[in-house]
């Protein structure tokens, strides 16, 4: 290693900032404009965090133990799910289960520290060999050590690794946009019944009161829906009463068990492996779910229940209703169900299951302390059944979007593997910047 690199404890290279929680009994402290982070907000594998579920007010910030981190500062979870890292895309406060990390001026750059800490935490977990690793304290940063190159080389290393993370982030944003487009189309066709409203207006047919606002919108903007006539003609021009309220004429009400193939997972009797990659990919529950597709973590040698490529995966216990999609034939444990529309539709199944969020929340609230839904519960969910030709047309429109999301995810996982290969070598000085730049250039990056 180059002699100009310094070897020191992280504690000598960083400022450590503690978080806190404003009193929940004081309403004036909450629902303000300042995002307030907990580990759930950034436990997703992405480098940057830009939003939080909860917000606090300036009064809550100044009258509690929490602190405001700057853009680019690092946050690390210290208890519970330990060692999760992110960088802040905007100023944010945070709770006491995390530490804020900021490089000391003239010694360490935040961007470099983010990757150095990732490598240090990975190494620490490997050294634990699956044992207890449930807390990070301030003293932990005195034990963990880091090799610090000169600041220009820190920036160069962070730039190389950041280039890969930036592409992963771009893919994620693109995929989220594509998914929102498909979700909007599903909601318009199969929840709000916009094409039926437009057809009813054109035919002069009466509309139920609950569609009054949408009818007013389309009277003022007759071309707002933007569907060509061949697709509009696939929808009826009036509504009829049903046990689920007004639905399009000719559509039906049924239960999921009659419309979907539902496979409930089951824990296999065989062994599971984390690294040997023997047997079938095995997903046990929400912990295995990523943004759109599950993360491959475990294999099992004696699988009993399977999901097929393209099936929608649903967490069925603690909590109910998290949704992913299988990209290969895989074994599923008792925390997962696989769902597929009887026609084989991939996209319609996925967006239909996502539309059941409130129903799943009811199962969560009414279940045991852990919350669960069984096959009878799934089968009994009532749903509106559109004509198969509409399901097929929806799938035809959304298939290119979902295919692109899948390609983005596969590319991002390849990029993440490349980043994780380069990371320890760059952080240790084993691979120098010029060699890494040439390595990426040869791969078109």
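Which of the residues belonging to the stretch 84-96 are surrounded by fewer than 18 Cβ atoms within 10 Å (Cβ to Cβ) and closer than 15 Å to residue 16 by Cα?
Correct list: 96 only.
Kindly state which helices (runs of 4 or more DSSP H) lie completely within the stretch 331-428 and contain at least 3 residues that are without any contact (Cβ under 8 Å) to a residue 24 or more places away in the chain.
By residue number, 357-366, 388-428.
Filter the stretch 144-177 down to the residues that are under 14 Å from the mean Cα position of the chain (by Cα) and either touching a residue at least 60 places away in the same chain (Cβ under 8 Å) or under 30 Å from residue 218 (Cβ atoms) (or both) and list them by number. Break it down stepwise before answering.
Going through the stretch 144-177, the residues under 14 Å from the mean Cα position of the chain (by Cα) turn out to be 168-169, 171-177.
Listed by number, the residues that qualify are 168, 169, 171, 172, 174, 175, 176, 177.
Hey, among the residues in the stretch 143-165 that are under 23 Å from residue 39 (Cβ atoms) and in a helix (DSSP H, G or I), which one's modelled with the lowest pLDDT?
Step by step, filter the stretch 143-165, then rank; the result is 143.
Looking only at residues that are crowded, with 17+ Cβ neighbours inside 10 Å and at pLDDT 90 or above in the stretch 307-320, which one is farthest from residue 283 (Cα to Cα)?
Ranking the candidates gives 310 first.
Residues checked against (1) outside any helix (DSSP H, G or I); (2) on the phi < 0 side of the Ramachandran plot; (3) exposed (fewer than 11 other Cβ atoms within 10 Å of the Cβ):
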{"site": "198", "(1), (2), (3)": "no, yes, no"}
{"site": "201", "(1), (2), (3)": "no, yes, no"}
{"site": "213", "(1), (2), (3)": "no, yes, yes"}
{"site": "235", "(1), (2), (3)": "yes, yes, no"}
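Has the stretch 269-284 got any residue that is touching a residue at least 12 places away in the same chain (Cβ under 8 Å), closer than 18 Å to residue 352 by Cβ and either within 27 Å of the chain's Cα centre (by Cα) or in a loop (DSSP other than H, G, I, E, B) (or both)?
No, every residue in the stretch 269-284 fails to be touching a residue at least 12 places away in the same chain (Cβ under 8 Å), closer than 18 Å to residue 352 by Cβ and either within 27 Å of the chain's Cα centre (by Cα) or in a loop (DSSP other than H, G, I, E, B) (or both).
Report whether or not residue 75 is part of a strand (DSSP E or B), modelled with pLDDT of 95 or more and under 25 Å from residue 135 (Cα atoms).
Working: part of a strand (DSSP E or B): yes; modelled with pLDDT of 95 or more: yes; under 25 Å from residue 135 (Cα atoms): yes.
Yes: the conditions hold for residue 75.
Give me a count of the residues in the stretch 11-58 that are closer than 30 Å to residue 287 by Cα and not in a strand (DSSP E or B).
First pass over the stretch 11-58, keeping only residues closer than 30 Å to residue 287 by Cα: 16-22, 24, 30-31, 34-56.
Checking which are not in a strand (DSSP E or B) leaves us with 19-22, 24, 38-47, 50-53.
Of the residues in the stretch 11-58, 19 are closer than 30 Å to residue 287 by Cα and not in a strand (DSSP E or B).
Could you list all residues from the stretch 295-306 that are crowded, with 17+ Cβ neighbours inside 10 Å and at pLDDT below 90?
The answer is 298, 299, 300, 303.
In the set 395, 420, 403, which member is modelled with pLDDT of 95 or more and surrounded by fewer than 18 Cβ atoms within 10 Å (Cβ to Cβ)?
403
The values are calculated or read from the model by the stated rules, or taken from the named source; none is laboratory data. Note that the structure is a prediction, hence the values are computed from the model and not measured. Note that each Cβ is placed from the backbone with ideal geometry, even for glycine, and that neighbours are counted across all protein chains shown.
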